[in-house]
């Protein structure tokens, strides 16, 4: 299982062709073959683009959101083709 951790603040995860591309202020920090990613963990102020999000949905890839200190916020998990959002703030 390959987990992509976005720890760089203000980083953006985008999808280009068959690769995830991590950028910050237009500078490419890393490129990863998208098909190898099984899960994404976003720490703090990092985000991903709509094409990257669509790839996550289409390929059953989970995404977890944590604070920059690692405090759990949310988990997006695709059960089948339907996505749900789990949140620590929901009762």
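The values are calculated or read from the model by the stated rules, or taken from the named source; none is laboratory data. Remember, predicted model here, so these are calculated numbers, not experimental data. Here the Cβ positions follow ideal geometry from the backbone for every residue, glycine too, while neighbour counts run over all protein chains shown.
Listed values, structure above:
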item: Some residue of region 2-22 being loosely packed, with under 11 Cβ neighbours inside 10 Å, modelled with pLDDT under 95 and over 20 Å from residue 78 (Cβ atoms); result: yes
item: Residue in region 39-46 that is touching a helix residue (DSSP H, G or I) at 6+ places or on another chain (Cβ under 7 Å), in a loop (DSSP other than H, G, I, E, B) and either modelled with pLDDT under 95 or at negative phi (or both) present; result: no
item: Region 54-64, residues that are assigned to a helix (DSSP H, G or I) and either touching a residue at least 24 places away in the same chain (Cβ under 8 Å) or surrounded by fewer than 17 Cβ atoms within 10 Å (Cβ to Cβ) (or both); result: 54, 55, 57, 58
item: Identity of the residue in region 32-53, in contact with a strand residue (DSSP E or B) (Cβ under 8 Å, 6 or more places away or on another chain) and surrounded by fewer than 14 Cβ atoms within 10 Å (Cβ to Cβ), that ends up farthest from residue 75 (Cα to Cα); result: 33
